[in-house]
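Participant: I'd like to ask you about the structure that follows.
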Amino acid sequence: MNIEDKIDEKALPFLRKFMRDLESPRQVRRFGSGWLSGFFALLFAIAGLIMVIALRFPDWFATPELEIVKQWTGFRGAVHVILLASYALSLLSLLLRPRKALGLMALLIGLGATLLGGANVQPEETRSWGMFFGLDFFIVNLLATGFMFAPLERFRPHRREQRLFRNEWREDLFYFLISTMFVQVLAFITLAPSTIINENTGSWDAFRAFVASMPWLLQFVIAVFISDFAQYWYHRLFHQVPFLWGFHAVHHSAKSMDWLAGSRMHIVEVILLRTVTSLPLFTLGFDASVMQAYIGFVYIYSSLLHANVGGNFNRLGHWLATPRFHHWHHGLEREAFDVNFAIHFPIIDKMFGTFHLPEDRWPKDYGIPEDVPNGYLKQFAYPWTRTGKKTD
Ligand SMILES: [Zn+2]
Ligand SMILES: [Zn+2]
């Protein structure tokens, strides 16, 4: 199933018009065209709808970290303001914009949220579904990351011509959705091996106490280095073993780079990668706050590495991974093959002869000389269906 094909060929003409409106070229998106107001109307409407759903079906939203947000007395007030803002902006967009699909879609979603009960919605007395959806976490995460990187990519882009809504963005958004929706399930699976090790290695306790007694910042730097070292070899293995490459090829299939593109990763690879990089962190005695800081840091850092952010940083790039450093890892040209596996410390690549950072130059194109199909499900099946056929 390819969402894009579905929308382009089968779905309602309105949906098609809406997508075309959302992806309008820059000339028809300029300030005053009603596109910005329509876009933010849509964003607020979706956020409002999800918040209303979270209040109505509390069992679906089990992310405990966000419980505190829902308990917050101002939450319903916030829902109210967000829905009002969404209405006002969608009306503004409908007034300003000759094309009406974007404003209309935002209005319809806002209405849906209101019909569900709006800010005064009461929880529905349903039996527990026993399911976990981190949908609320998804929206919080997406907004936070988007608001962090979208302005940066706009003011300091590497490729100025690249659009925010480039060709593959819907696919990458789906990857983002999947990996954040099941964040707790993933955490549970990836932490199981560390838990087992910790239970059976009581003799390491003196060493763990020593690690925990180090200054916080030192613990943090060591934690980042060790996990990058583990990540380096894991990553090289996925480039070298043909069957494993089938999984990793999905990550490399992105033809444009931005903060969202890094989310494109086969779910099996995500689980294994998190297991491998968290093993040293969770078994060597680091302070819990170091591990939490690491998880947040690595998430933001990897978005930055993939972001469409310029700046050559010729000197810094030898010491700390920069967007240009990781963009070379995604380059389509031959000189970019199998280089820059580290994601924090380029020195690991220097140690093992895989460092590549030519002064002032960027790769011309991104991707791999191999046909990876479009669509989440086809890419999910890719490791088992791939023929290895090269297109060059
Ligand atoms: Zn790679
Ligand atoms: Zn990457």
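The values are calculated or read from the model by the stated rules, or taken from the named source; none is laboratory data. Because the structure is predicted, anything quoted here is derived from the model rather than measured. No Cβ is skipped: glycine too gets one built from the backbone with ideal geometry, and neighbour counts run over all protein chains shown.
Participant: Would you point out the residue of the range 331-352, among those that are more than 16 Å from ligand 2 (Cβ to nearest atom) and at pLDDT 95 or above, that is surrounded by the most Cβ atoms within 10 Å (Cβ to Cβ)?
Facilitator: Across the range 331-352, the extreme among qualifying residues is I347.
Participant: Next up: So, in the range 272-297, of the ones that are closer than 30 Å to F165 by Cβ and either within 16 Å of ligand 2 (Cβ to nearest atom) or over 22 Å from the mean Cα position of the chain (by Cα) (or both), which residue ends up surrounded by the most Cβ atoms within 10 Å (Cβ to Cβ)? Spell out the reasoning first.
Facilitator: As a first pass, look at the range 272-297 and keep what is closer than 30 Å to F165 by Cβ: 273-274, 295-297.
Now restrict to residues that are either within 16 Å of ligand 2 (Cβ to nearest atom) or over 22 Å from the mean Cα position of the chain (by Cα) (or both): 273-274.
Working: L273: 21, R274: 18.
Going through the qualifying residues, I end up with L273.
Participant: Do we have any residue at all in the range 186-203 that's within 16 Å of ligand 1 (Cβ to nearest atom), part of a helix (DSSP H, G or I) and crowded, with 18+ Cβ neighbours inside 10 Å?
Facilitator: Kept after step one, since they are within 16 Å of ligand 1 (Cβ to nearest atom), are these residues of the range 186-203: none.
There is no residue in the range 186-203 that is within 16 Å of ligand 1 (Cβ to nearest atom), part of a helix (DSSP H, G or I) and crowded, with 18+ Cβ neighbours inside 10 Å.
Participant: Just to check your reading of the model, which residue among W233, W216 is surrounded by fewer than 21 Cβ atoms within 10 Å (Cβ to Cβ) and either more than 13 Å from ligand 1 (Cβ to nearest atom) or over 23 Å from L320 (Cα atoms) (or both)?
Facilitator: On the way: W233 fails: either more than 13 Å from ligand 1 (Cβ to nearest atom) or over 23 Å from L320 (Cα atoms) (or both).
Within the list W233, W216, the selection yields W216.
Participant: When the residues of the range 237-256 are filtered to those that are part of a loop (DSSP other than H, G, I, E, B) and within 13 Å of ligand 1 (Cβ to nearest atom), which remaining residue is surrounded by the fewest Cβ atoms within 10 Å (Cβ to Cβ)? Walk me through it before giving the result.
Facilitator: Looking only at the range 237-256, we keep the residues that are part of a loop (DSSP other than H, G, I, E, B), and these are 241, 253-256.
Narrowing further to those that are within 13 Å of ligand 1 (Cβ to nearest atom): 241, 253-254.
Details: V241: 12, S253: 22, A254: 25.
Filtering the range 237-256 for residues that are part of a loop (DSSP other than H, G, I, E, B) and within 13 Å of ligand 1 (Cβ to nearest atom), the one surrounded by the fewest Cβ atoms within 10 Å (Cβ to Cβ) comes out as V241.
Participant: Now a separate question. Only one residue in L304, L320 is of a type outside the set (D, E) and in a loop (DSSP other than H, G, I, E, B), so which one is that?
Facilitator: Details: L304 fails: in a loop (DSSP other than H, G, I, E, B).
Result of the check over L304, L320: L320.
Participant: On to the next question. Quick one: in the range 213-271, which of the residues that are within 14 Å of ligand 2 (Cβ to nearest atom) and of a type in the set (G, A, S) is nearest to the chain's Cα centre (by Cα)?
Facilitator: Top of the filtered list is S263.
Participant: Kindly evaluate K378 against the criterion of being of a type in the set (K, R) and under 23 Å from the mean Cα position of the chain (by Cα). Steps first, answer last, please.
Facilitator: Numbers: of a type in the set (K, R): yes; under 23 Å from the mean Cα position of the chain (by Cα): yes.
Judged against the criteria, K378 is a match.
Participant: Has the range 263-272 got at least one residue that is part of a helix (DSSP H, G or I) and closer than 16 Å to F225 by Cα? Let's see the steps before the verdict.
Facilitator: Taking the range 263-272 first, the residues part of a helix (DSSP H, G or I) are 263, 267-272.
Filter again for closer than 16 Å to F225 by Cα, leaving none.
The answer is no; no qualifying residue exists.
Participant: Restricting attention to the range 340-378, which residues are of a type in the set (G, A, S) and within 21 Å of Q162 (Cβ to Cβ)? Lay out the reasoning, then the answer.
Facilitator: Here is the first cut: in the range 340-378, the ones of a type in the set (G, A, S) are 342, 353, 367, 375.
If the condition is that a residue be of a type in the set (G, A, S) and within 21 Å of Q162 (Cβ to Cβ), then G367 is the only one that fits.
Participant: A follow-up question, please. Given (1) surrounded by 20 or more Cβ atoms within 10 Å (Cβ to Cβ); (2) polar (S, T, N, Q); (3) at pLDDT below 75, where does T126 come up short, assuming only one miss?
Facilitator: Checking T126 against (1) surrounded by 20 or more Cβ atoms within 10 Å (Cβ to Cβ); (2) polar (S, T, N, Q); (3) at pLDDT below 75, the one that fails is (1).
Participant: May I pose another question? Just to verify a result, which residue in the range 333-389, among those that are in a loop (DSSP other than H, G, I, E, B) and acidic (D, E), is nearest to ligand 1 (Cβ to nearest atom)? Full working, then the answer.
Facilitator: We begin by selecting, within the range 333-389, every residue in a loop (DSSP other than H, G, I, E, B); these are 333, 337-345, 352-365, 367-369, 371-375, 386-389.
Narrowing further to those that are acidic (D, E): 333, 338, 359-360, 365, 371.
Working: E333: 15, D338: 8, E359: 23, D360: 23, D365: 16, D371: 18 Å.
Going through the qualifying residues, I end up with D338.
Participant: Related question: It is to be established whether one or more residues within the range 312-330 are away from ligand 2 (no atom under 14 Å from the Cβ) and crowded, with 20+ Cβ neighbours inside 10 Å.
Facilitator: Pass one, the range 312-330, residues away from ligand 2 (no atom under 14 Å from the Cβ): 312-320.
So of that shortlist, the ones also crowded, with 20+ Cβ neighbours inside 10 Å come out as 317.
Looking for residues that are away from ligand 2 (no atom under 14 Å from the Cβ) and crowded, with 20+ Cβ neighbours inside 10 Å, one finds at least one in the range 312-330, hence yes.
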